[in-house]
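The structure appears below as structure tokens.
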Amino acid sequence: MQTDLRNRDLITEQEWTREEIDTLLDVAWDLKRKRALGESHALLRDKVLAMLFFFTSTRTRASFEAGMAQLGGHAMFIDSETTQISHGDTAKEIGEIIGRYADGIAIRQCDWNFGNQYIREVAAASRVPVLNMQCDVYHPFQILADLMTIQEKFGRDLRGKTINVSYAYASSYQKPLSVPQSLILLMTRYGMNVRLVNPPEFALMPDIIDQAKDNTRKSGGSFEMMDDFDAGFKDADIIYAKSWGCWMTTEDKNESAVIGKKYTNWITDERRMSLANEHAIYMHCLPADRNIEVTDGVIDGPQSVVYDEAENRLHVQKAAMALTMR
Ligand code: CP
């Protein structure tokens with residue numbers, strides 16, 4: 001197999017083959033080992049990553065910035081609000097111009113029905129690879145880090161493992177669909193039994209559901225849709241219960257808050273975790289609404305792997321940058 005990923009965009013892993021994703025993970029394991037040993041790995045010396053944010057971030061910004069420094073390059077933070085983007089720089093102009101300054105462009109643009117389209121417009125105009133730091137449809141680097149974390153806990157062959165991808169209530173804000181959508185897309189390619197659990201108002205995009213079903217037909221495993229929160233935990237190996245917005249029902253913040261209030265009992269707690277397999281792990285991309293979405297006892301408890309997930313963002317992103325920006 002020949003793998004040359006130079007100049008490839010990573011907007012969704014659906015556009016990467018299974019072999020390419022496995023290569024990325026192989027590099028991520030190697031870079032994680034090198035960092036643990038203190039071995040230099042300056043694979044992107046003198047290279048620049050432009051990081052364009054239209055939305056707040058803690059983990060994504062910090063891990064891309066740290067990752068570029070560890071690879072010997074530089075990460076340039078661009079905030080849409082404090083640049084001329086807020087006065088009309090277009091996606092095409094950003095791709096053309098920033099693509100001449102930098103060796104890669106990473107973008108977070110989560111606006112509903114717009115973010116993914118914006119990232120693709122930048123990519124069409126850019127001579128350098130474009131990396132999706134989260135849009136309205138996908139969050140590829142979060143889910144690559146999640147896959148790496150699951151493989152650390154259960155081994156590389158995940159066939160037959162059951163993952164519960166569930167809605168959970170949160171009051172903070174109407175979060176994108178990108179995490180559950182990327183989760184069901186990637187985990188169905190690894191032969192897992194994927195359960196998607198949500199109230200009817202919190203449906204995911206039908207096209208994403210169809211792609212997840214198609215992935216399952218090709219890779220084995222199963223894809224099941226449920227609306228009973230407790231049932232989703234039963235005998236699962238991986239619990240990934242998080243909040244997302246009811247974007248397919250309404251874009252109105254007030255209406256969505258009223259709908260969400262019907263499901264305040266969708267919280268991951270110790271009783272529900274006890275329904276899962278004894279060795280089950282609890283995952284969350286963070287930030288979480290503590291004691292609303294998940295109890296402190298669970299997220300800080302022995303089954304939680306949330307800090308390993310957050311760490312693995314660093315390793316998978318470094319791998320993607322090293323492979324695409326050389
Ligand atoms: N999980 C995640 O993407 O975190 P941030 O929003 O803090 O970047």
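Would you please give the FRET efficiency between Ala42 and Arg127, computed as 1/(1 + (r/R0)^6) with r the Cβ-Cβ distance and R0 = 35 Å, to the nearest 0.05? If you can, show how the numbers build up before the last one.
Details: r = 23 Å, r/R0 = 0.67.
FRET efficiency, Ala42 to Arg127: 0.90.
For the chain, I need the span (max minus min coordinate) of the C-alpha atoms along each principal axis, in Å, sorted largest to smallest.
Principal extents (largest minus smallest coordinate, Cα): 52, 45, 37 Å.
Hey, can you grab everything whose amide H is under 5 Å from the amide H of Gly104? Only 5+ residues off in sequence or another chain; H modelled, so Pro and N-termini drop out.
Under 5 Å from the amide H of Gly104 lie the amide H atoms of Val48, Ala50, each far enough along the sequence or on another chain.
Note down the net charge around Arg59, summing +1 for each Lys or Arg and -1 for each Asp or Glu among other residues with Cβ under 10 Å from its Cβ.
In short, 0.
Rank by packing, highest mean first: peptides 285-295, 246-256, 186-196, with packing defined as the count of other Cβ atoms within 10 Å averaged across residues.
186-196, 285-295, 246-256
Using a Förster distance of 22 Å, how high is the FRET efficiency between Met226 and Arg156, based on the Cβ-Cβ distance and rounded to 0.05?
0.20
Using Cα positions and a limit of under 26 Å, work out the lysines in reach of Lys213, with same-chain residues fewer than 8 apart set aside.
Candidates past the 8-residue exclusion: Lys153, Lys161, Lys175, Lys234, Lys242.
For Phe233, Phe154, what ranking results if the residue with the fewest other Cβ atoms within 10 Å of its Cβ goes first?
The most exposed by this proxy come first: Phe154, Phe233.
Please give the charge dipole size of the range 223-326, origin at the Cα centre, charges +1 on K and R Cβ atoms and -1 on D and E Cβ atoms. Round to the nearest 20 debye.
Its charge dipole is roughly 420 debye.
Calculate the spin-label point distance for Arg290 paired with Leu275, positioning each point 7 Å from the Cα along the beta-carbon direction, and give it in nanometres.
Result: 2.5 nm between the two label points.
Leaving out same-chain residues fewer than 8 places away, which aspartates and glutamates sit with a Cα under 14 Å from that of Lys34?
Cα-Cα hits under 14 Å: Asp26.
Starting from the Cα of Asp26, step 7 Å along the direction of its Cβ; do the same at Thr249; then give the gap between the two resulting points in nm.
About 4.5 nm, to one decimal.
Using the charge dipole of the range 142-309 (Lys, Arg: +1 at Cβ; Asp, Glu: -1 at Cβ; taken about the Cα centre), state which of Met225, Ala168, Gln303 has its Cα farthest towards the positive end.
Of the listed residues, the answer is Met225.
Given just the C-alpha atoms of the range 105-242, how large is their convex hull per residue in cubic angstrom?
Numbers: hull volume 16.9 nm³, N = 138.
Convex hull volume per residue, Cα atoms: 122 Å³.
Quick check for me: using +1 on Lys/Arg Cβ and -1 on Asp/Glu Cβ, what's the dipole size of the range 142-309 about its Cα centre, in debye to the nearest 20?
So the dipole magnitude of the range 142-309 works out to roughly 340 debye.
Lys and Arg at +1, Asp and Glu at -1: add these up for the other residues within a Cβ distance under 14 Å of Glu20 and post the number.
-3
Using a Förster distance of 35 Å, how high is the FRET efficiency between Ile97 and Thr56, based on the Cβ-Cβ distance and rounded to 0.05?
The pair Ile97/Thr56 has a calculated efficiency of 0.90.
Name the residue from Leu158, Ser182, Thr249 whose Cα lies farthest towards the positive end of the charge dipole of the chain, charges +1 on Cβ of Lys and Arg and -1 on Cβ of Asp and Glu.
Looking along the dipole axis, the top candidate is Leu158.
Laboratory data are not the source of any read-out in this text; all were calculated from the coordinates shown. Predicted model, so just to flag it, every value in this text is computed and none were measured. For neighbour counting, all protein chains shown are included, and Cβ atoms are generated from backbone atoms with ideal geometry for every residue, glycine included.
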